[in-house]
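> Could you have a look at this structure, given as structure tokens, before my questions?
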Amino acid sequence: MKNLLLLIIILNVQYTFGQNVIEVEKPIIPIHHVKIFETLDTSLVKNIEVLEKKLKEANSNFEVYQIAKYLGYFYTINDQKEESIELWNSLNKLGIILPFRMSENPHPQYLSNYLNNDSFMKFIKFNEKLKNEASDSSKVEYFVNLPKDYNPQRKYPLIIVLHGRIGNFYATYTNWKSSVIRDSCISIYAKGKIIVGSFTHSFGSTGIGDIKEIYRQVAQKYPINNEQVILAGQSQGGNLSIKLACDSITASGLLLAFPVKPNDFDFEKAKEIKEKGVRVIMICGEKDYKFFEGQLELARLLDSAHVESRVFKYPELGHRFPDDFSEQIDRGIFYLIKREQ
């Protein structure tokens, strides 16, 4: 009877997570929008002109969202607050939610310029209304990218890429570019359930269970090699990847970009990683002032437990990707799936 009750509980938990986690079609990701920001310079007026032009040419709500975030900032520092509010209201009319937070410490910080602006506070109230309505039906979404010349009769390495504390799968897909991923791996890109903005999400407290459910769904549907599973992530996504490798998913490797060390990761956790045969690649910036000390402590714990790991430290890098990140991914994947000894 106890075994039956335990089975019912397990199945109920799986059903609950399954209802909240769904695979979606791979979106058309407008990578060309990144080039917009390469044309910006120190001239406020010129930057505003460039972004206004690009906004009219935008082909998707995602592009509108990305451009408007920057344009609103430039309007603000150029003392064009009415234009900013008009812009943000126009996005709300499209159903686009801005990732704004008003409190003692507004986010982004430049919103402090609007604290006593009635029109802005009216906008914020409606923006929050949209966010709350969307949150009621929000689900964890992920898409699967299949390798070049995909053959369902053969098994492939799997890499799960997780965004940071807030993020989206558009950005992870764009940033985690790799010829090895493109040609040789099944790759997963997920976005968390918690809505910060229309294209900005957080995994929150259910993140571990949600990613476990994604893994379960993908393992059932796609021909993955269970001995070649890589958990990858940047910042807080690296933190979540470490937790998953310790407790939830049998992984062959961790590929971590400027990770946030889990508070409870200690020598015993490092020993668990060692016993499971997990290899680790960690990429750090020595100017990542908020998290570098934690990354050094993480490296020390892995080393003390004799975990096979490689740590790459960039002297001039902060909390961001290095210029050779694609090459680091390629080399890292070969190391983590034990093709390279």
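The values are calculated or read from the model by the stated rules, or taken from the named source; none is laboratory data. Note that the structure is a prediction, hence the values are computed from the model and not measured. All Cβ positions, glycine included, derive from the backbone under ideal geometry; neighbour counts span all protein chains shown.
> Criterion first (under 16 Å from the mean Cα position of the chain (by Cα) and more than 28 Å from LYS148 (Cβ to Cβ)) does SER198 satisfy it? Spell out the reasoning first.
Values: under 16 Å from the mean Cα position of the chain (by Cα): yes; more than 28 Å from LYS148 (Cβ to Cβ): yes.
In short, yes.
> While we're on this one: In the stretch 27-53, which residue that is modelled with pLDDT under 90 and among the charged types (D, E, K, R) is surrounded by the most Cβ atoms within 10 Å (Cβ to Cβ)?
LYS46
> Same structure, new question: Between a first residue in the stretch 280-291 that is within 7 Å of GLY318 (Cα to Cα) and a second residue that is at pLDDT 95 or above and buried (at least 22 other Cβ atoms within 10 Å of the Cβ), which pairs have beta carbons less than 9 Å apart while being 6 or more apart in sequence or on different chains?
GLY285/PHE258; GLY285/GLN295; ASP288/PHE258; ASP288/GLN295
> ALA245: in a loop (DSSP other than H, G, I, E, B) and modelled with pLDDT of 95 or more, yes or no?
On the way: in a loop (DSSP other than H, G, I, E, B): no; modelled with pLDDT of 95 or more: yes.
So ALA245 does not fit the description; no.
> Let me ask you something else. Are any residues in the stretch 299-318 in contact with a Cys (Cβ under 9 Å, 6 or more places away or on another chain) and under 16 Å from ILE242 (Cα atoms), and if so, which ones? Explain how you work it out, then say what you get.
At the first step, the residues of the stretch 299-318 found to be in contact with a Cys (Cβ under 9 Å, 6 or more places away or on another chain) are 299, 311-314, 317.
Passing the criteria: ALA299, VAL311.
> Residues that are farther than 26 Å from PHE169 by Cβ, at pLDDT below 90 and not assigned by TED's automatic domain parsing to the domain that holds ILE214: does the stretch 11-22 have at least one? Working first, answer last.
Of the stretch 11-22, the ones farther than 26 Å from PHE169 by Cβ are 11-12.
Remaining after also requiring at pLDDT below 90: 11-12.
From the residues that got through so far, the ones that are not assigned by TED's automatic domain parsing to the domain that holds ILE214 too are 11-12.
There is at least one residue in the stretch 11-22 that is farther than 26 Å from PHE169 by Cβ, at pLDDT below 90 and not assigned by TED's automatic domain parsing to the domain that holds ILE214.
> Quick check on my filter: what residues within the stretch 292-308 are under 24 Å from ILE160 (Cβ atoms) and either under 23 Å from the mean Cα position of the chain (by Cα) or without any contact (Cβ under 8 Å) to a residue 24 or more places away in the chain (or both)? Step through it out loud before you land on a result.
Start the filter on the stretch 292-308 by keeping residues that are under 24 Å from ILE160 (Cβ atoms), which leaves 294-295, 298-299, 301-302, 305, 307-308.
GLY294, GLN295, LEU298, ALA299, listed by residue number.
> Within the stretch 278-289, work out how many residues are modelled with pLDDT of 95 or more and surrounded by fewer than 19 Cβ atoms within 10 Å (Cβ to Cβ). Step through it out loud before you land on a result.
So the first thing to find is which residues in the stretch 278-289 are modelled with pLDDT of 95 or more, and the list is 278-288.
Going one step further and asking which of them are surrounded by fewer than 19 Cβ atoms within 10 Å (Cβ to Cβ), we end up with 286-287.
Of the residues in that region, 2 qualify.
> Of ILE333, ILE273, ILE281, which residue is under 18 Å from THR250 (Cα atoms), outside any helix (DSSP H, G or I) and among the hydrophobic types (A, V, I, L, M, F, W, C)? Please lay out each step first, then the result.
Values: ILE333 fails: outside any helix (DSSP H, G or I); ILE273 fails: outside any helix (DSSP H, G or I).
Only one candidate qualifies: ILE281.
> Return yes when CYS284 is within 19 Å of ILE333 (Cβ to Cβ) and in the same structural domain as ILE208 (by TED's automatic domain parsing) and no when it is not.
Values: within 19 Å of ILE333 (Cβ to Cβ): yes; in the same structural domain as ILE208 (by TED's automatic domain parsing): yes.
Taking the combined requirement at face value, the residue satisfies it.
> I'm told ILE96 meets every condition in (1) hydrophobic (A, V, I, L, M, F, W, C); (2) more than 21 Å from GLY167 (Cα to Cα); (3) touching a Ser or Thr at 6+ places or on another chain (Cβ under 6 Å) except one. Can you identify the failing condition by its number?
Status for ILE96: all satisfied but (2).
> Which condition number does VAL229 fail, the rest of (1) without any contact (Cβ under 8 Å) to a residue 40 or more places away in the chain; (2) in a strand (DSSP E or B); (3) more than 16 Å from the chain's Cα centre (by Cα) being met?
(1)
> Still on this structure, please answer the following. Looking only at strands (runs of 3 or more DSSP E) that fall completely inside the stretch 131-210, which ones have 2 or more residues that are in the same structural domain as ALA251 (by TED's automatic domain parsing), surrounded by 22 or more Cβ atoms within 10 Å (Cβ to Cβ) and without any contact (Cβ under 8 Å) to a residue 60 or more places away in the chain?
Working: elements: 140-145, 156-162, 186-191, 194-197, 200-202.
The strands (runs of 3 or more DSSP E) meeting that bar are 186-191.
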